[in-house]
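Notes to accompany the following structure.
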Amino acid sequence: MPRDEDAPDLAEARSFSGRRLAELIVVLAAVVALAYRWHALGTLAVVASIVAMIVLHELGHYVVARWAGMDVTEFFVGFGPRVISWRRRGIEYGVKALLVGGYVRISGMTNVDEVPPEREARTYRAASFPRRVAVSVAGSVVHLVLAFAMLWYLAVGVGAYQSRGVVIAGLAHVPGVVTPAARAGLEPGDVILAVDGHRDPTLEQFSAVVSGRAGRPVSLVWRTPAGRVVERTVVPEPARAFVPADAAYRALGSRGVLGVVVTPPVAHASLVGGLADAGRSLVALTETTVSGLAAHFTPHGIATYLAEVAKPSSNPTSAKSASRFESPVGIVQLASDAAAAGVGAVLELLVLINVFVGVFNLVPLLPLDGGHVAVAIYERLRSRRGRPYHADVLKLMPVTYAVIAVIVFLGVTALYLDITHPVPNPFS
């Protein structure tokens, strides 16, 4: 008796049980409660954003496959045991227990997939070449679009630090001590226009002048937030004079300090200018990611990575640390560091992850999306008018298993490195 596509079977009916859904809700509530208790809600939000990006990747495949008229049979958020699912127009939707991504299943992705004859015309393998390529690259396109949107917001909403200029971000409050900055009348938001004759100084110039002039006068010119220009002479004090009240100055020794926290000025792009900035940044990041991935898998890159595994380094600037991949543990740590640094750092991290995942998925090897693109191109070249050619994926399975083995190896070694030798906070 033919099965009604819209009627769930017994296993699917059980999947509607409220018990698993209640368990999932309890687990999620416990995770949120623990994050709140440990002051890690920001970290949890960043991790949730990364999971959402992975789900959007699969949603890209789903939307384009439906647009292309392909037979989509499943769309799930998560992996592992089914928590809840339902059928609509022959497609099973649902949520699984491990919320670490998602997947979409399309009939006839390869020549060995068994599909009922009446559904063959709507399979992936029966679709035209442009539609197959569009479905395969859709996930990576989603990542690049997300990265572009975030880069645009970074340029317009967050702004970019300028190479020249000094802004007073805050004043040091040392108990019982009046700092040189307080005596001079510096306030947060003041912009340093000149220091000891150096106009429009960089942070390095400002710090060098102040630290090298302990006990000697320094001429400062600054502009207040109200637009008033002030010119005064200040005398930096040796940092050791503040040590009894604030031990944070101990490492500065005899170097001069004013008692200020300084940052470069921030410039915001216009709405239209931000589009151009985002485009240039995305192209540059994509080129860097492609060249970086290619370098990782050269003989030198492989040797460098194996050396890092054998003798890890925690120095993020070393050649070995630069060759490291990040495991989920490392990504959570980066998420925590970024959340503590602010929205700009969070967006920068999410941009890098989106670009990397988008590019990596286009590597022309199965089971990655780029592997399906490569197969589609090969089949297109081998096909003749009226005689479509379908590659035998069974012959590609050794390569596929090798790719999976490499990915597993990178994941396991990255986990080992992230646990034993975590990379220092890159956002500090």
Q. If we keep just the residues of region 412-425 that are under 15 Å from PHE325 (Cβ atoms) and either touching a strand residue (DSSP E or B) at 6+ places or on another chain (Cβ under 9 Å) or of a type outside the set (A, V, I, L, M, F, W, C) (or both), which is surrounded by the fewest Cβ atoms within 10 Å (Cβ to Cβ)?
A. THR420
(Q) Just the residues that are hydroxyl-bearing (Ser, Thr, Tyr) and crowded, with 18+ Cβ neighbours inside 10 Å, please, taken from region 51-77. (A) TYR62
Q | Top-ranked residue of region 33-49 - restricted to ones that are hydrophobic (A, V, I, L, M, F, W, C) and touching a helix residue (DSSP H, G or I) at 6+ places or on another chain (Cβ under 6 Å), ranked as nearest to VAL332 (Cα to Cα) | A | VAL47
**Q.** Pairs, first farther than 30 Å from TYR378 by Cβ in region 396-423, second surrounded by 12 or more Cβ atoms within 10 Å (Cβ to Cβ) and among the charged types (D, E, K, R), C-beta under 8 Å, six or more apart
**A.** ALA414/ARG324; ALA414/GLU326; LEU417/GLU308; LEU417/ARG324; ASP418/GLU326; VAL423/ARG324
Q | Some residue of region 212-221 being in a helix (DSSP H, G or I) and loosely packed, with under 15 Cβ neighbours inside 10 Å | A | no
Q.
Looking only at residues that are touching a Lys or Arg at 6+ places or on another chain (Cβ under 7 Å) and hydrophobic (A, V, I, L, M, F, W, C) in region 177-228, which one is nearest to SER254 (Cα to Cα)?
A. ALA214
Q. Which condition does GLY80 not pass, out of (1) loosely packed, with under 14 Cβ neighbours inside 10 Å; (2) over 30 Å from PHE356 (Cα atoms), if it passes all the others?
A. (2)
Q. Residues that are among the small types (Gly, Ala, Ser), over 25 Å from HIS57 (Cβ atoms) and under 22 Å from the mean Cα position of the chain (by Cα): which helices (runs of 4 or more DSSP H) entirely in region 307-425 hold 1 or more of them?
A. 319-322, 328-341
Q. Among the candidates VAL229, VAL234, VAL221, VAL266, which residue alone is within 30 Å of VAL351 (Cβ to Cβ) and not aromatic (Phe, Trp, Tyr)?
A. VAL266
(Q) Which residue is modelled with the highest pLDDT, if the candidates are limited to region 152-174 and must be within 21 Å of VAL235 (Cβ to Cβ) and either assigned to a loop (DSSP other than H, G, I, E, B) or small (Gly, Ala, Ser) (or both)? (A) GLY170
Q: Please determine, by comparing only the residues of region 222-250 that are surrounded by 13 or more Cβ atoms within 10 Å (Cβ to Cβ) and in a helix (DSSP H, G or I), which one is modelled with the lowest pLDDT.
A: TYR249
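Right, VAL346: out of contact with any Pro (no Cβ under 9 Å at 6 or more places or on another chain) and surrounded by fewer than 14 Cβ atoms within 10 Å (Cβ to Cβ) or not?
So VAL346 fails the test.
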Q.
For region 64-102, give me each residue that is under 21 Å from VAL26 (Cβ atoms), under 27 Å from the mean Cα position of the chain (by Cα) and of a type in the set (A, V, I, L, M, F, W, C).
A. PHE76, VAL77, PHE79, VAL95, ALA97, LEU98, LEU99, VAL100
Q: Name every residue in region 50-109 that is at pLDDT below 90, closer than 27 Å to LEU347 by Cβ and among the small types (Gly, Ala, Ser), in order of residue number.
A: GLY78, GLY101, GLY102
Q. Can you name the residue in region 251-295 that is of a type in the set (D, E, K, R) and assigned to a helix (DSSP H, G or I) and is also surrounded by the most Cβ atoms within 10 Å (Cβ to Cβ) among such residues?
A. ASP277
Q | Filter pass, ARG125 being at pLDDT 95 or above and of a type in the set (Lys, Arg) | A | no
Q: Working only within region 64-94, note down all residues that are among the hydrophobic types (A, V, I, L, M, F, W, C) and touching a helix residue (DSSP H, G or I) at 6+ places or on another chain (Cβ under 7 Å).
A: VAL64, ALA65, ALA68, MET70, VAL72, PHE75, VAL77, VAL83, ILE84
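The values are calculated or read from the model by the stated rules, or taken from the named source; none is laboratory data. Because the structure is predicted, anything quoted here is derived from the model rather than measured. Note: ideal-geometry Cβ built from the backbone for every residue, glycine included; neighbour counts use all protein chains shown.
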